[in-house]
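This report refers to the structure that appears directly beneath it.
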Amino acid sequence: MKASTSPFVTAALGAVLTLTAFGGLALAQSSVTTTTVDQQTVTRVPPPQVVKTEIEFQPAATAHDLNVAMLRDFESVKQEDRPVATEIARNPNVVENASYVGKHPALQAFLEKYPDARNEIVESPGNFVTPVSGSKWNSHEAAGIPRD
């Protein structure tokens, strides 16, 4: 008795033989196994690898790149001279203007106590003030994000 094979099984066997001959290396690298059992092709694909990432959250007081005492002291500057916070929020570069700083004694005392604060306010104003209408440092354009 002659065994009959369907065209599908014949094509699958041909594909398996071709892959075995020419793509054996690719199959070995991807760990996909193909087996022919009773004229049926069984393909086993390994499950995807799961990559685990652990994120450690720390309180701001333990962060080494933030001077928490300086940020707390700036809060007193904002309480003593409320317009300073709004003006810095609109244009953080005003802290580099000596005549502006001279008109605001609380800000001047703060900048004398923390000489590096001038650069930090200009580079990261969001650590010190919240954005207000006209704050260009918080805009899409400043962040390099195109508008819709």
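The values are calculated or read from the model by the stated rules, or taken from the named source; none is laboratory data. Note that the coordinates shown come from a computational prediction; the quantities given were computed from them, not determined experimentally. Cβ sites come from the backbone with ideal geometry, for glycine too, and all protein chains shown count toward neighbours. For accessibility, only protein heavy atoms count, side chains too; no ligands or nucleic acids. Shrake-Rupley method; radii C 1.70, N 1.55, O 1.52, S 1.80 Å.
Conditions tested, residue by residue: (1) modelled with pLDDT of 75 or more; (2) under 30 Å from residue 106 (Cα atoms); (3) not in a helix (DSSP H, G or I).
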site: 36; (1), (2), (3): no, no, yes
site: 43; (1), (2), (3): yes, no, yes
site: 53; (1), (2), (3): yes, no, yes
site: 58; (1), (2), (3): no, no, yes
site: 66; (1), (2), (3): no, yes, yes
site: 70; (1), (2), (3): yes, yes, no
site: 74; (1), (2), (3): yes, yes, no
site: 79; (1), (2), (3): yes, yes, no
site: 87; (1), (2), (3): yes, yes, no
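Return yes or no: is residue 132 open to solvent by less than 30 Å² (accessible area, probe 1.4 Å), at pLDDT 80 or above and within 15 Å of residue 85 (Cβ to Cβ)?
Numbers: open to solvent by less than 30 Å² (accessible area, probe 1.4 Å): no; at pLDDT 80 or above: yes; within 15 Å of residue 85 (Cβ to Cβ): yes.
No.
Looking only at segment 91-133, which residues are outside any helix (DSSP H, G or I) and more than 17 Å from residue 79 (Cα to Cα)? Spell out the reasoning first.
First, pick out the residues of segment 91-133 that are outside any helix (DSSP H, G or I): 91, 97, 103-104, 114-116, 124, 128-133.
91, 97, 114, 115, 116, 124, 133 - these are the residues of segment 91-133 that are outside any helix (DSSP H, G or I) and more than 17 Å from residue 79 (Cα to Cα).
Has segment 105-114 got any residue that is surrounded by fewer than 17 Cβ atoms within 10 Å (Cβ to Cβ) and closer than 23 Å to residue 133 by Cβ?
No; the residues of segment 105-114 include none that is surrounded by fewer than 17 Cβ atoms within 10 Å (Cβ to Cβ) and closer than 23 Å to residue 133 by Cβ.
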